[in-house]
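**Student:** I'd like to ask you about the structure that follows.
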Amino acid sequence: MDDIDVVTASLERVRLRAGHVVRYFYAHLFTHHPRLRPLFPAAMDDQYERLFAALVQVVEHLGHPALPAHLNRLGRDHRKFGISDEDYTAVGESLVAAIRYHSTHTWDDRTERAWLRVYGFVAAAMTGGAHSSLAANEPAWWDGTVVSHRLHGGHTAVIRVAPSAHYPWLPGQYATIEHPDLPGVWRPYSLAGRPGRGGVLEFHIGRVAEGLLSNVLCDGTTPGRTLRLGAASGSALTPPPGTPAVTLIAAGTGWAPVKAVLDELLARRPAPRIRIDVVARGEADFYDGGALVDILRAHPYLSAYWWYEERGKGRMRAAERLHSNLSARRGWPGETVYLCGPVMFVQETAELLHDCGLPAESLIRDPLPASVQPRGYVSHAEQFLDPPPVTWIDPDARTRPLDLPAPQPHPEPQPLHRPAPPDSSGGWFEPHGAVGRV
C-alpha cells in the first residue's frame, strides 16, 4: 500500500468518531499553541464539521491532478486568517495526534509516516499558494467601507461596499466577508454588478433563520462600517464569448451573480440572445425589481419572466411553475443555461434541464452548499443516522463546463417579440417598467 491508500484507510476507520477526533484536535492545538486560539471563531459549533469535511475532501482527492492547484488557492485564501508557515506545522502535529489517539488498535509507524508525508504535501502546496499571493502583492484581505445599506421586506439586504484598494473579480465569483462584530467568522457571498464600475462592490444578503453573519449584515451594518473582504473566488463564470443564446435562471439571492453575468453579456458586441427567469416567493419578495426594470428599459429586446407563488398556492408553486414552463420549451441544443439559487432548487432544476435534453456541458451552475441549520441536541446515534449538512469555505466551490466547443460566430440578434406567458403560471416584466401578471 502507498501513502494514499494508508491514509485513506486510516481516515475511514475514524470517520464514525469524527466529532471526537475534531474536538481532540482543537483541544490539542489550543493547549499546545494557545496563541492560535484568536484565529478561530469564538463559537466553534460548526467549525468542527467544517474541518472534518475539509479533511475528507482533501484525502478523497489525493492523487488527483487538480489537487495541488486547489490547495494552492486554499493557501492563498487562508492568508486572511493571519496563518504563518509555523502555524501549518502546529496544525499538522495536532491533526496526527488526534487521529493517532482515536486509532488505538490500528496505528503503527507506517501509518504515522504516511500521514506526515501526506500532510507535508498539503502544507507545502498551501504555503506555496500563500507565498505566491504575497509575492504578487495581493492583500491578505481588503477593508471595505459600507456606502449604502437597504433592507428589503426585513429579509434581504443589498449592501454596497467601497474597497480600500483595487479589488479584482469576475462576474459569477464571490467574496468571503467578515464583520467586526463577529471576528473569525467568514462566509461567502456572491458579487453583483459589473467589475470596475466605480470600484464599488454590491452584495445581496438573505436573512437565515438563526443565522450568524447574515443577520448581522442585515441588521447591524450601517453606512460607514468597515468589513473585511477575502479575495474573489469561484469559477462559475460568464458563458464564453460567442455563445449565441443564454438562459439565466435565478432564485432568491441567486439573482446577485446572475445580475453580474447579465451585465457582462449585455456589454458584448454582438450580444447573445438572452432570456431571464427569476423565481421569488411572492410579488413583494423580489428585492431588486427596480434594477431589472431599468435593464429591460435599456434593452427592450430581452425576455424576462418573474415566477412567484400565488396566495394560498403553497411555497413551492413558483418553482413548480417555472419547471413546467422549462419542460414545455424546445430547442435546448445550442443554448447555455446559467443557474443560481438555493441548493435544492439548483439541484432539482439542473436535473430537470438534463431530462429536457440540455447537454451537461451547457449548464453553468452554482453548487455552494446550504448553510448548516442548528438542530439543538443531537445524540451520537442521530448524528450517524442523519448527519447534518456540512459547509466550509472553498474558494473554488463553483464549477463551470470544461472543454466547451469553440464558439461559432453569429449575427447581431434581432429584437425579440415578447411572447405571452403560456398560462397563468407566472408574472412578467414589461420593458418600460410596469410589472404585469397573468
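**Student:** Could you tell me which residue of segment 302-325 is modelled with the lowest pLDDT, considering only residues that are of a type in the set (D, E, K, R) and not in a loop (DSSP other than H, G, I, E, B)?
**Tutor:** As a first pass, look at segment 302-325 and keep what is of a type in the set (D, E, K, R): 309-311, 313, 315, 317, 320-321.
Adding the requirement that they be not in a loop (DSSP other than H, G, I, E, B) leaves 317, 320-321.
Details: 317: 72, 320: 85, 321: 85.
Going through the qualifying residues, I end up with 317.
**Student:** Out of (1) at pLDDT 90 or above; (2) among the hydrophobic types (A, V, I, L, M, F, W, C); (3) touching a Pro at 6+ places or on another chain (Cβ under 9 Å), what's the single condition that is false for residue 328?
**Tutor:** Here residue 328 meets the rest and fails (1).
**Student:** Still on this structure, I have one more. On the given criteria, is residue 398 in contact with a Ser or Thr (Cβ under 8 Å, 6 or more places away or on another chain), modelled with pLDDT under 75, surrounded by 15 or more Cβ atoms within 10 Å (Cβ to Cβ) and charged (D, E, K, R)?
**Tutor:** Taking the combined requirement at face value, the residue satisfies it.
**Student:** Which pairs do you get when a residue that is without any contact (Cβ under 8 Å) to a residue 60 or more places away in the chain, found in segment 4-20, comes within reach of a residue that is surrounded by 14 or more Cβ atoms within 10 Å (Cβ to Cβ), reach meaning Cβ atoms under 6 angstrom, with the pair 6+ apart or on two chains?
**Tutor:** Pairs that qualify, where the first residue is without any contact (Cβ under 8 Å) to a residue 60 or more places away in the chain and the partner is surrounded by 14 or more Cβ atoms within 10 Å (Cβ to Cβ), are 8/59; 18/52.
**Student:** For segment 91-113, check the following and say yes or no: at least one residue is small (Gly, Ala, Ser), closer than 25 Å to residue 233 by Cα and at pLDDT below 95.
**Tutor:** Keep residues of segment 91-113 that are small (Gly, Ala, Ser), which gives 92, 94, 97-98, 103.
From what's left, closer than 25 Å to residue 233 by Cα: none.
No, segment 91-113 contains no residue that is small (Gly, Ala, Ser), closer than 25 Å to residue 233 by Cα and at pLDDT below 95.
**Student:** Go through segment 182-228 and report how many residues are surrounded by 15 or more Cβ atoms within 10 Å (Cβ to Cβ) and either in a loop (DSSP other than H, G, I, E, B) or of a type outside the set (A, V, I, L, M) (or both).
**Tutor:** Here is the first cut: in segment 182-228, the residues surrounded by 15 or more Cβ atoms within 10 Å (Cβ to Cβ) are 182, 184-195, 200-208, 211-218, 221, 225, 227-228.
Those left that are additionally either in a loop (DSSP other than H, G, I, E, B) or of a type outside the set (A, V, I, L, M) (or both): 182, 184-190, 193-195, 200, 202-204, 206-208, 211-212, 214-215, 218, 221, 225, 228.
Number satisfying all stated conditions: 26.
**Student:** OK, next. Suppose we keep only residues that are small (Gly, Ala, Ser) and under 20 Å from the mean Cα position of the chain (by Cα) within segment 244-299. Which one would you say is farthest from residue 169 (Cα to Cα)? Working first, answer last.
**Tutor:** From segment 244-299, those small (Gly, Ala, Ser) are 245, 250-252, 254, 256, 260, 267, 271, 280, 282, 284, 289-291, 298; that's our starting set.
Now narrow it down to the ones that are under 20 Å from the mean Cα position of the chain (by Cα): 250-252, 254, 256, 260, 280.
Details: 250: 20, 251: 22, 252: 22, 254: 17, 256: 14, 260: 11, 280: 27 Å.
Ranking the qualifying residues of segment 244-299, first place goes to 280.
**Student:** Of all residues in segment 168-181, how many are part of a loop (DSSP other than H, G, I, E, B), touching a Gly at 6+ places or on another chain (Cβ under 8 Å) and under 21 Å from residue 265 (Cα atoms)?
**Tutor:** 2
**Student:** Further question on the same structure: Does residue 264 count as farther than 19 Å from residue 149 by Cα, open to solvent by 10 Å² or more (accessible area, probe 1.4 Å) and either modelled with pLDDT under 90 or small (Gly, Ala, Ser) (or both)?
**Tutor:** Here the answer is no, as residue 264 does not meet what is asked.
**Student:** Of all residues in segment 289-304, count the ones that are out of contact with any Leu (no Cβ under 7 Å at 6 or more places or on another chain) and open to solvent by less than 10 Å² (accessible area, probe 1.4 Å).
**Tutor:** Total meeting the criteria: 1.
**Student:** In segment 149-193, which residues are touching a residue at least 60 places away in the same chain (Cβ under 8 Å), farther than 17 Å from residue 250 by Cβ, out of contact with any helix residue (DSSP H, G or I) (no Cβ under 8 Å at 6 or more places or on another chain) and of a type in the set (A, V, I, L, M)?
**Tutor:** 161, 170
**Student:** Name the single residue, out of those in segment 27-74 being acidic (Asp, Glu) and open to solvent by 70 Å² or more (accessible area, probe 1.4 Å), that is farthest from residue 114 (Cα to Cα). Reasoning before the result, please.
**Tutor:** Our first condition is that a residue be acidic (Asp, Glu); within segment 27-74, this holds for 45-46, 49, 60.
Then drop every residue that is not open to solvent by 70 Å² or more (accessible area, probe 1.4 Å), which leaves 45, 60.
Numbers: 45: 30, 60: 15 Å.
Once the filter is applied, the top-ranked residue is 45.
**Student:** Against the definition (hydrophobic (A, V, I, L, M, F, W, C), open to solvent by 50 Å² or more (accessible area, probe 1.4 Å) and touching a residue at least 24 places away in the same chain (Cβ under 8 Å)), how does residue 122 come out, yes or no? Working first, answer last.
**Tutor:** Details: hydrophobic (A, V, I, L, M, F, W, C): yes; open to solvent by 50 Å² or more (accessible area, probe 1.4 Å): no; touching a residue at least 24 places away in the same chain (Cβ under 8 Å): yes.
When the stated conditions are applied, residue 122 does not pass them.
**Student:** Continuing with the same structure: Go through segment 109-148 and count every residue that is farther than 19 Å from residue 74 by Cβ and under 22 Å from the mean Cα position of the chain (by Cα).
**Tutor:** Residues meeting the conditions: 3.
**Student:** What is the one condition in (1) open to solvent by 30 Å² or more (accessible area, probe 1.4 Å); (2) touching a residue at least 60 places away in the same chain (Cβ under 8 Å); (3) touching a Pro at 6+ places or on another chain (Cβ under 8 Å) that residue 283 does not satisfy?
**Tutor:** (3)
**Student:** Being at pLDDT below 90 and assigned to a helix (DSSP H, G or I) is the requirement here; does residue 350 meet it?
**Tutor:** no
**Student:** Can you tell me which residue in segment 158-181 is most open to solvent (accessible area, probe 1.4 Å), limited to those that are within 22 Å of residue 239 (Cβ to Cβ) and aromatic (Phe, Trp, Tyr)?
**Tutor:** Narrowing segment 158-181 to residues within 22 Å of residue 239 (Cβ to Cβ): 168-175.
Narrowing the set further to residues that are aromatic (Phe, Trp, Tyr) leaves 169, 174.
Details: 169: 20, 174: 4 Å².
Checked segment 158-181; the qualifying residue most open to solvent (accessible area, probe 1.4 Å) is 169.
**Student:** What number of residues within segment 139-154 are outside any strand (DSSP E or B) and surrounded by fewer than 16 Cβ atoms within 10 Å (Cβ to Cβ)? Before the answer, list the steps.
**Tutor:** Of the residues in segment 139-154, the ones outside any strand (DSSP E or B) are 139-141, 153-154.
Then keep just the ones that are surrounded by fewer than 16 Cβ atoms within 10 Å (Cβ to Cβ); that gives 153-154.
Selection size over segment 139-154: 2.
The values are calculated or read from the model by the stated rules, or taken from the named source; none is laboratory data. Here the structure is a predicted model, which is why all the values come from computation and not from measurement. Virtual Cβ from ideal backbone geometry, glycine too; neighbours counted across all protein chains shown. What goes into the accessible areas is simple: the full protein's heavy atoms, side chains included, and nothing from ligands, DNA or RNA. Shrake-Rupley method; radii C 1.70, N 1.55, O 1.52, S 1.80 Å.
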